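To start, the structure itself, in structure tokens.
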Amino acid sequence: MDGVGPEDLSERLATIARLLDTGSVHETLQLIVDLAVATVPGCEHAGISFVQRRKISTLAASDAVALRLDAEQFEAGQGPCLDAIIEDQIFMSDDLATEPRWPLFSGRANAETGVRSMLGLRLFARGRTMGALNLMSSRPAAFGDDSLAIAALFAALAAVALNAAQTEESLQLALKSRDVIGQAMGILMERHRITDKEAFQRL
């Protein structure tokens, strides 16, 4: 993506705000990476790395290149995405072919995927790190000042949307669990002629 006009940017950011209505975490994540490619100047591929129980995995990617790059970071144990999650900063590489900071990742990633530029931004909401938004390009120095500004805003909105989606999904699971427990209690009370407290204790 080489650039967007003010009206296009406003429309796409408004679309991000409407991610709250998508209904599932997976849908939200996929919309985030697809819109990142369409919105951030210079971005050709995007992925979201997610932190859960101290493990990092890719839950959404715009394409196979983004998936491959994330997998290689996890395997090497280093890269802009991992540093963004750990150190709470924006990490950017203008050229993986000559990048010295991540020697186990950079050269191999460039050789195997053709990606030159990478940008990693932490997704942070309500006092916790949720993961990172990873942006990639086959061109060196693809991300300029406009890219950084838009990507930072995009990541902030994406984190809010992701947090809301997770909260909604957790609520739905809790409601379903409550219904199942209620049905099970009713069966136990009827079959064994016991009180609701006794049925709950048995469950």
- line: For His192 and Asp146, extending 7 Å from Cα along the Cα-Cβ vector and measuring point to point gives, in nm, a value of 6.9
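Dipole of segment 93-155, Cα-centred, from +1 at each Lys and Arg C-beta and -1 at each Asp and Glu C-beta, to the nearest 20 debye?
Details: 7 positive and 6 negative charges, 70 e Å.
That gives segment 93-155 a dipole magnitude of about 340 debye.
Based on Cβ point charges of +1 for Lys and Arg and -1 for Asp and Glu, what charge dipole magnitude is obtained for segment 17-120 about its Cα centre, in debye rounded to the nearest 20? Don't skip to the answer; put the middle values down first.
Numbers: 8 positive and 15 negative charges, 56 e Å.
Here the size comes out at about 260 debye.
Each value in this text was obtained by applying a stated rule to the coordinates, not by laboratory testing. Computed from a prediction, not measured in an experiment: that's the story for all the values here. Note that we place each Cβ from the backbone using ideal geometry, even for glycine, and neighbour counts take in every protein chain shown.
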